[in-house]
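Notes follow once the structure below has been shown.
The values are calculated or read from the model by the stated rules, or taken from the named source; none is laboratory data. Small disclaimer: the values here were computed from a predicted structure and weren't measured. Neighbour counts run over all protein chains shown; Cβ positions are idealised from the backbone, glycine included. Just the protein is used for accessible areas: all its heavy atoms, side chains included, with ligands, DNA and RNA removed. Shrake-Rupley method; radii C 1.70, N 1.55, O 1.52, S 1.80 Å.
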Amino acid sequence: MFDILDINLTNFRAFAGTHKFTFPTEPGLYNLTGRNEVNPRLEANGVGKSTLLEAIHWCLYGHTSRGLKAGDVISRGKKSCIVSVHVAVGQFEGVITRSQSPNALTINDTIVEQTEINKLLRLSPEQFSLSVMLPQFGSSFLDRGPTDKLALFSQIMELDFWLEKSKAADVLAKELAEAKEVEERKLASLMGRISSVDEDCKGLEAQQATFFNDQRITIQGLDKKIKQLRTEHKSCIQDLEFAKAGRKAAENRSVGLTKVIQDHYGEIDAVIQERQRLATKAAVLEASLQTLNASMKKLTGLGAVCPTCLQTVNANHLKAEKARLKSQIETSTLAYEAYEKPINKLAEQRATIAKANSVNHEGLATVTRNKVDFETKEAVLKNKIEHNILEQEQLEKQIGQERKRENPYTKMLADKRTALTDLKTERAECKAQIASLNEDHAAVSYWVGGFKRVRLFLIEETLRQLEIEVNNSLTSLGLVDWRIEFDIERENKTGGVTKGFVVFIYAPEDKEPMRYEAWSGGETQRLRLAGNLGLANLIMERAGLTSMIEFYDEPSKGINPMGLLDLAETLYQRAIDTGKRIFLVDHHTIDFGDFSGVICVIKDEKGSRLEYST
Ligand SMILES: Nc1ncnc2c1ncn2[C@@H]1O[C@H](COP(=O)(O)OP(=O)(O)OP(=O)(O)O)[C@@H](O)[C@H]1O
Ligand SMILES: [Mg+2]
């Protein structure tokens, strides 16, 4: 429900001082007229009829229907003005108060912003002027040009909401297309990077393989050397054993020979001693021989003294002695000569042994040389074996180091592969993003036209409703069997939109429709009113409100007296049918018998005031 219950105004334009008016509660048609006592020739003109309505408009919206605000609305000679309007909108009932100098806006004495009032009233000023209070100077809906009509229609039906939605969808679709382009460029760059990193990976794989191969070859080479060294080691060990055996054999031989030589020396010593013994014996014999020979010599002369018995020897004795001596000499000579042979034999024996020993000495020298040779060989081999072992150890160490030597390409390759995986993940995300953007773009693009179609659908539906509303009013306004049709922008064959709000009017006698602009003043005024009434119904319905009060300020211009009665009758019927109070503002005296009451604005020297009569 939307209702205005009473108004309180102080110093508002013609209404100087404070005036309160409670609107009648009975449904019906009320006449708001006046009496100009200041200038009677003006009759009901200039008394403040419109001002009363404008006071409501100003209070609710902050300006009059003709755009007056601020100081323009204060009564001349006064410093401030204040208007309170008691309204009921939906579940709300309360008093809205606006004052000028000081400026204030309240709902039930609570200061509020204009937006709160608009929200509360559910009607914009335009909607209010087309549905509740049709102003004297307002251009009616049908009088506007096709584009203007469409704009107003869209605005009051809030159909622009769908255009805005379509525009927002268009903007979003463009943003999505741009985002898609960005992602596609990103994808192209990712593909390039992936193929380059892929190539890098292949190169690194080859380098890694070459490195491993080189490493394997190096290890194999070192292994081969170790094997050679092992073979050499084995042969050295064998040679060493052989040398040891040789040395030992030489040593044994040396010991043997030394013993033989020593034995020979012993033999020689024994031979020497034997010879010495024999020689001593021979010397004794020789000395004895010499003595015998000397004795013999002594026996040779007479008188000689026997060397043996030291007696003077006679010739017999001498002879005997000589014979004995001779025998002794012969025996001794024989004995002596018997020694000569063995002595010489011993000398020969010694020479033979010495010769043999000399051979043995040579043999010992050879054996000793052999032994030294073997010892040298042994030492060389031992040294060789030692070196061989060291070399093997060295090579094994090298193998260990080589095995441990890290392949630098492995880490590089791993890093590249990680980068490649990351890039592929990014590519997958990018593709998913593009797919998602494509889907969104398709959906949003659909709604660029979709919202327009929704709007057209709503327009179509609303137009049909408006046609019904308007056509219902035509008969009661005296245009019996007249019919009005509206048409509005449509999607044409090329996909564009033909804009405009066109009104076709079918008179009973004409088969073809005629445009609104083609009718006479009186006809037009009736059509105009029918249009206004229909639109007022539509607006209130869309706002979810049932209007309980309406004001029509001078709707009768261009209408003949008969038409004025039709108008009054129409509004009366409307008031009764819908349970409203309708206030018909007119400066004419309307001879209509069914007014439920008359509000007379009387203007005198003090200003305007209100009088109500039934
Ligand atoms: N600020 C003001 N102070 C005092 N009077 C004002 C002020 N502003 C306008 N008026 C006068 O108030 C009078 C009433 O004007 P209003 O438009 O309400 O007349 P009306 O009764 O609707 O007349 P009409 O039938 O000609 O439309 C006018 O004479 C106008 O000059
Ligand atoms: Mg007026």
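Can you find even one residue in the range 213-228 that is open to solvent by less than 40 Å² (accessible area, probe 1.4 Å), among the β-branched types (Val, Ile, Thr), farther than 21 Å from Lys416 by Cβ and in contact with a helix residue (DSSP H, G or I) (Cβ under 8 Å, 6 or more places away or on another chain)?
Yes: one or more hits.
If you take the residues in the range 1-41 that are more than 16 Å from ligand 2 (Cβ to nearest atom), of a type in the set (A, V, I, L, M, F, W, C) and open to solvent by 20 Å² or more (accessible area, probe 1.4 Å), which one is nearest to Lys78 (Cα to Cα)?
Looking at the filtered set, the residue picked out is Ala16.
Test Glu550 against the stated conditions and say whether it is open to solvent by less than 40 Å² (accessible area, probe 1.4 Å), under 20 Å from Gln136 (Cα atoms) and either in the same structural domain as His19 (by TED's automatic domain parsing) or of a type in the set (Asp, Glu) (or both).
Considered against the rule, which asks whether it is open to solvent by less than 40 Å² (accessible area, probe 1.4 Å), under 20 Å from Gln136 (Cα atoms) and either in the same structural domain as His19 (by TED's automatic domain parsing) or of a type in the set (Asp, Glu) (or both), Glu550 comes out as yes.
Residue-wise test of (1) surrounded by 14 or more Cβ atoms within 10 Å (Cβ to Cβ); (2) out of contact with any Leu (no Cβ under 7 Å at 6 or more places or on another chain); (3) assigned by TED's automatic domain parsing to the domain that holds Glu274.
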site: Ile329; (1), (2), (3): yes, no, yes
site: Glu340; (1), (2), (3): no, yes, yes
site: Lys345; (1), (2), (3): yes, yes, yes
site: Ile353; (1), (2), (3): yes, yes, yes
site: Asn357; (1), (2), (3): yes, yes, yes
site: Arg369; (1), (2), (3): no, yes, yes
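Since Gly522 meets every condition but one in (1) open to solvent by 40 Å² or more (accessible area, probe 1.4 Å); (2) at pLDDT below 80, which condition does it not meet?
So Gly522 meets the others, but not (1).
Name the single residue that is farthest from ligand 1 (Cβ to nearest atom) among those in the range 558-614 being among the small types (Gly, Ala, Ser) and surrounded by fewer than 14 Cβ atoms within 10 Å (Cβ to Cβ).
Applying the filter and picking the extreme gives Gly579.
Identify all residues within the range 95-126 that are out of contact with any Ser or Thr (no Cβ under 9 Å at 6 or more places or on another chain) and crowded, with 16+ Cβ neighbours inside 10 Å; write none if there are none.
Result: Ile117, Leu120, Leu121, Arg122, Ser124.
How many of the residues in the range 42-65 are open to solvent by 50 Å² or more (accessible area, probe 1.4 Å), more than 8 Å from ligand 1 (Cβ to nearest atom) and over 60 Å from the mean Cα position of the chain (by Cα)?
Total satisfying the criteria: 1.
Could you please tell me which pairs satisfy a Cβ distance under 7 Å, a separation of 6+ or placement on different chains, a first residue in the range 404-421 that is under 26 Å from Gly192 (Cβ atoms), and a second residue that is among the aromatic types (Phe, Trp, Tyr)?
From residues that are under 26 Å from Gly192 (Cβ atoms), the pairs are Tyr409/Phe211.
Quick check on this structure: which one of Asn388, Asn383 is of a type outside the set (Val, Ile, Thr) and either in contact (Cβ under 8 Å) with a residue 60 or more places away in the chain or open to solvent by less than 20 Å² (accessible area, probe 1.4 Å) (or both)?
On the way: Asn383 fails: either in contact (Cβ under 8 Å) with a residue 60 or more places away in the chain or open to solvent by less than 20 Å² (accessible area, probe 1.4 Å) (or both).
Asn388 is the lone residue from the list that is of a type outside the set (Val, Ile, Thr) and either in contact (Cβ under 8 Å) with a residue 60 or more places away in the chain or open to solvent by less than 20 Å² (accessible area, probe 1.4 Å) (or both).
From (1) within 60 Å of the chain's Cα centre (by Cα); (2) without any contact (Cβ under 8 Å) to a residue 12 or more places away in the chain, pick out the condition that doesn't hold for Arg542.
Of everything listed in (1) within 60 Å of the chain's Cα centre (by Cα); (2) without any contact (Cβ under 8 Å) to a residue 12 or more places away in the chain, Arg542 misses just condition (2).
Give me the strands (runs of 3 or more DSSP E) completely within the range 495-614, filtered to those with at least 1 residues that are within 16 Å of ligand 2 (Cβ to nearest atom), ordered by residue number.
549-553, 581-585, 595-604, 607-613
Could you check Asp510 against (1) open to solvent by 40 Å² or more (accessible area, probe 1.4 Å); (2) under 24 Å from Leu32 (Cα atoms) and say which number it fails?
(2) is the only condition that Asp510 fails.
When the range 43-66 is examined, which residues are found to be away from ligand 2 (no atom under 12 Å from the Cβ) and either in contact with a His (Cβ under 8 Å, 6 or more places away or on another chain) or at positive phi (or both)?
The answer is Glu43, His57, Gly62, His63.
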